[in-house]
Structures are given as structure tokens and as C-alpha cells.
Amino acid sequence: MKDKIANSIAMCQMSINELQHIKESLKDSFDENIKLTIESKRAIWTDIFTQRDKFTLSKHTMNLILDEAIQKQRNRINKLIDMEIEKELEKRLK
């Protein structure tokens, strides 16, 4: 079970690193508007389609989204660490 928690923490940290990388790239932007493109592949029966959605956001809004996502990942890491500590304490008390 330790490996599962450790892997979850690693995944959360990887997400934080990716989000911080995006946030750093926003600092270099001259424009106050950010264009966010989401591209996904969808399968309908036997055909595969690529769908692209484009959004225009202010730099402030994008930073808010990134900050919230980073904070949620940090909270998740803290909860996972607390879970691991509680398990170790239970083992020692038995």
C-alpha cells in the first residue's frame, strides 16, 4: 500500500510541476489575453475525430485557475502524507 501512496504523491507533484511550467510561460506573455486550446480525440463507432475547443481568457483568470489547481494538488499530497503517518502510528500502537 505504501507504493500506491508514494505513486499518488509522485503523480500530484508531477502535475504541480507541469502547472508551474505553464504559469512560468504566462509571465513571458505581452498580451493580457491568453488563448487556451484543448484538443482531444473522440471515437464514434469506428471513426476517430479530433475536437479542438479554443478559449480566450485573461491572464488573471488563467493564473487563478492554475493557482487553484496547484493548491488542490498540494492539499492532496498533504492528505496522502497524513494517511501514511496515521497508518504508521496505528502499526506502532498495536
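The values are calculated or read from the model by the stated rules, or taken from the named source; none is laboratory data. Note that this is a predicted model, so its numbers are computed, not measured. Note that we place each Cβ from the backbone using ideal geometry, even for glycine, and neighbour counts take in every protein chain shown. Each accessible area value is taken on the protein alone, full model and side chains, heavy atoms only, with ligands, DNA and RNA left out. Shrake-Rupley method; radii C 1.70, N 1.55, O 1.52, S 1.80 Å.
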Considering residues that are open to solvent by 80 Å² or more (accessible area, probe 1.4 Å), more than 20 Å from ASN33 (Cβ to Cβ), in contact with a Ser or Thr (Cβ under 8 Å, 6 or more places away or on another chain) and in a strand (DSSP E or B), the number found within segment 44-82 is 0
Among the residues of segment 26-43, what is the count of those that are loosely packed, with under 10 Cβ neighbours inside 10 Å and not in a strand (DSSP E or B)? 5
Can you name the condition, by its number, that CYS12 falls short on among (1) modelled with pLDDT of 95 or more; (2) on the phi > 0 side of the Ramachandran plot? (2)
Residue pairs meeting the criteria (Cβ under 7 Å; at least 6 apart or on separate chains; first over 15 Å from LYS72 (Cβ atoms), in segment 1-25; second part of a helix (DSSP H, G or I) and open to solvent by 70 Å² or more (accessible area, probe 1.4 Å)): ILE5/MET83
